[in-house]
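Scroll down for the structure; my scribbles are underneath it.
The values are calculated or read from the model by the stated rules, or taken from the named source; none is laboratory data. All of these numbers come straight from a predicted model, not from anything done at the bench. Cβ: placed from backbone, ideal geometry, glycine included. Neighbour counts: every protein chain shown. Surface areas here come from the heavy atoms of the whole protein model, side chains and all, with no ligands, DNA or RNA. Shrake-Rupley method; radii C 1.70, N 1.55, O 1.52, S 1.80 Å.
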Amino acid sequence: MEVGARPLPKLAFTAVEIALEADLAVLRAHARTWAQAAVTEKIRHLRVMRERTVETAQAWVDLAAAAKGIAGTSLVGEEWLSGPYPLLTALDRLTATLAGIARDGVPPVPPRAVRTRPDGQVVVDVFPVDRADAILLSGVRAEIWMEPEVTRENLLEHTASFYRRREPEGAVTLVLGAGNIAAIPPLDMLYALYAHGSVVLLKLNPVNAYLAPVFARIFSSLIDEGFVRVAEGGGDVGAFLCYHPHVDAIHLTGGERTHDAIVFGSGPEGDVRKRDHQPMLAKPVTSELGSVTPVIVVPGPWSEPDLAFHAAHVATQKLHNASANCIAAQVIVTPQSWELAPRFLAQVRAALGAAPPRPSYYPGSRERVDAIQQAYPNAESVGVPVDGVHRTFVGGLDPENTGESLFFSEVFGPVLAQTALPGDDAAAFLRNAVAFCNDRLHGTLGVAMLIHPRTIAELGPAFDDAIAALRYGCVAINTWPGVGFTVATASWGAYPGNSIDAVGSGIGVVHNAYLFDKPQKTVIRAPFAPFPRSLGDGERTLLPTPPWFVTHRRADAVGRAMFAFTAKPSLRRMALTAIQAMRA
């Protein structure tokens, strides 16, 4: 049965369905127990998960690297930093949050971290949390901006609200796992378990179902006590689970088309139901569904090293994980009148071509890229493909073309487009860029902005106003929105306001280890230049070329070292991590 197809009465069940029935019966029987479990009991499970994550991390990374065709290369660093590392940090941050709830009744949000913007919007500084964060990711900061109804006075009333409920009945949540980034399924599970108090059935995507034994080991204590189950299978299994009466809620990371098929059904009938606001599925569905991700390049006094560094930065935002990212860069937005724009774009094309070769492992990549190559006569292939999937650059898109497919359709493959906007100065260009991204590009998951620190200073309050105006769940300044994914204390999800029949980049958030109920967006800020050049720009940071750059020659060693330090912190491990990082 296709996901989203209306289930028919069955006379017999398959062996897989019988096993799923048994799993769901166990979860239903234990839902209330988990919901009402003492905070100390929930912390016990977090600590077991931490031990199991440390124990299985190397096998996890090895499996993912082999499946993606990058074993033995520096690109393996991506698997450390988008797999066991963010899960380990999330477990630690959730443990601290629950310890605060057990001790004080509320998460441990320092009062000094809370402030308000001139318009009254509440902002909470959520990263760095401790000195280790400040050293490992020197100069990287994260803030959560709350929805307008949240005030300094009522912030704690809008935090970890599940833990103030009396005798919750519990629920069963189906998590439909993503097939691309390995940490997504377990992180989504954690949020359902600890933010919503729900037991979980994780249905893995066939693309990365090879991780089933790893996840089963990590969540073994929860599985043993009836709070978690892990399943595999295709669309028929997904459909069976979505419509099962024991499933109370669904969370998926994937595509908008999959979401709509689940909620409204597929084919012409599904389109009619969506148009008429008549969902087939009467259950809460939360989601993270990707978007057309822009990179805004603000004019300023960039040096030649700046141009080269951020060209590699843009290439990273496009090529990380073979472009199979819901937050992969898709449209570079440059100023029409900036004299450095042609040189920067030339550097971007060169960086795309020079980045390490890798297979495009995600299904459908070749077909999607081939379609772009055929649709755009000016599409430029850069680099030498290892499997026939060409890295493609499409420049000069008309920003006024409301029918431009690259503005409203996510490629999910190695295609990078560019458009230019007017603006006599940085302030005028930035206003135009904000309006363009908000109004012309599909989705609201994340946006990157590259801007020189002297330009930020010159803009003054107008810069903060531009951040406030961007309707995105993650606004990344001088870094990639994907960094927001790895920060456990940041929120991750679309900008609020989507509905089930106009879902865009999704509904709801995950990660968010402080358990804020009403986050509006996360803002990530990073240094414009790597150390030591950053010092010349007045940025007091020791961050070298970040290890998530696809050009980082020691990314595998840095990723392994960051995980090892986080698993068992020590001055020696900190020093080893710093040494590896400086050898980019």
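Just a few scattered comments:
- The listed residue being within 24 Å of GLN520 (Cα to Cα) and open to solvent by 10 Å² or more (accessible area, probe 1.4 Å), out of ASP370, ASP425, ASP439: ASP439
- Scanning region 372-401 for residues that are closer than 20 Å to PRO294 by Cα, of a type in the set (Ser, Thr, Tyr) and over 27 Å from the mean Cα position of the chain (by Cα) returns a single hit, TYR376.
- Selected residue (criterion: modelled with the highest pLDDT) from residues of region 528-543 that are open to solvent by 30 Å² or more (accessible area, probe 1.4 Å) and in a loop (DSSP other than H, G, I, E, B): PHE531
- Selection of region 26-44 for residues being in a helix (DSSP H, G or I) and open to solvent by 50 Å² or more (accessible area, probe 1.4 Å) yields ARG28, ALA29, HIS30, ARG32, THR33, THR40, GLU41, ARG44.
- Selection status of ARG229, outside any loop (DSSP other than H, G, I, E, B), under 30 Å from LYS518 (Cα atoms), touching a helix residue (DSSP H, G or I) at 6+ places or on another chain (Cβ under 9 Å) and basic (Lys, Arg): yes
- For region 189-211, filtered to residues that are open to solvent by 10 Å² or more (accessible area, probe 1.4 Å) and part of a helix (DSSP H, G or I), the residue that is farthest from VAL26 (Cα to Cα) is VAL207.
- Contacts under 9 angstrom Cβ, first residue in region 561-584 being small (Gly, Ala, Ser), partner open to solvent by 40 Å² or more (accessible area, probe 1.4 Å) and part of a loop (DSSP other than H, G, I, E, B), 6 or more apart: ALA578/LEU542; ALA581/ARG554; ALA584/THR551; ALA584/ARG553; ALA584/ARG554
- Counting the residues of region 544-584 that are in a loop (DSSP other than H, G, I, E, B) and either of a type in the set (D, E, K, R) or under 25 Å from the mean Cα position of the chain (by Cα) (or both) gives 14.
- Pairing each residue of region 54-65 that is among the polar types (S, T, N, Q) with any residue that is surrounded by fewer than 20 Cβ atoms within 10 Å (Cβ to Cβ), provided the two are 6+ apart or on different chains, yields C-beta distances under 8 Å for THR56/ARG217.
- Flag for THR334 being within 23 Å of GLY290 (Cα to Cα), part of a helix (DSSP H, G or I) and among the polar types (S, T, N, Q): no
- Selection status of VAL331, under 24 Å from the mean Cα position of the chain (by Cα) and either closer than 14 Å to ALA420 by Cα or without any contact (Cβ under 8 Å) to a residue 12 or more places away in the chain (or both): yes
Table: residues versus (1) under 13 Å from ARG391 (Cα atoms); (2) open to solvent by 10 Å² or more (accessible area, probe 1.4 Å); (3) in contact with a Gly (Cβ under 8 Å, 6 or more places away or on another chain).
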| site | (1), (2), (3) |
| --- | --- |
| VAL298 | no, no, no |
| ALA311 | no, no, no |
| THR316 | yes, no, no |
| CYS326 | no, yes, yes |
| ILE332 | no, no, no |
| SER337 | no, yes, yes |
| PRO342 | no, yes, no |
| LEU345 | no, yes, yes |
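- Per the listing ALA66, ALA132, ALA71, the residue uniquely surrounded by fewer than 22 Cβ atoms within 10 Å (Cβ to Cβ), of a type in the set (A, V, I, L, M), on the phi < 0 side of the Ramachandran plot and not in a helix (DSSP H, G or I) is ALA71.
- From the options GLY179, GLY197, residue that is farther than 30 Å from VAL122 by Cβ and small (Gly, Ala, Ser): GLY179
- Conditions (1) more than 20 Å from LEU91 (Cβ to Cβ); (2) open to solvent by less than 20 Å² (accessible area, probe 1.4 Å); (3) outside any loop (DSSP other than H, G, I, E, B); (4) at pLDDT 95 or above; number of the one not met by TRP492: (1)
- Annotation: of all residues in region 95-112 being open to solvent by less than 10 Å² (accessible area, probe 1.4 Å) and out of contact with any Ser or Thr (no Cβ under 6 Å at 6 or more places or on another chain), the one that is nearest to GLU143 (Cα to Cα) is THR97.
- Members of region 135-162 found to be in a loop (DSSP other than H, G, I, E, B) and closer than 18 Å to VAL509 by Cβ, listed by number: GLU147, PRO148, GLU149, VAL150, ALA160
- Condition met for ARG47 (part of a helix (DSSP H, G or I) and within 18 Å of LYS568 (Cβ to Cβ)): yes
- Whichever residue in region 442-462 is open to solvent by 10 Å² or more (accessible area, probe 1.4 Å) and under 17 Å from PRO299 (Cα atoms) and, among such residues, is farthest from the chain's Cα centre (by Cα): GLU458
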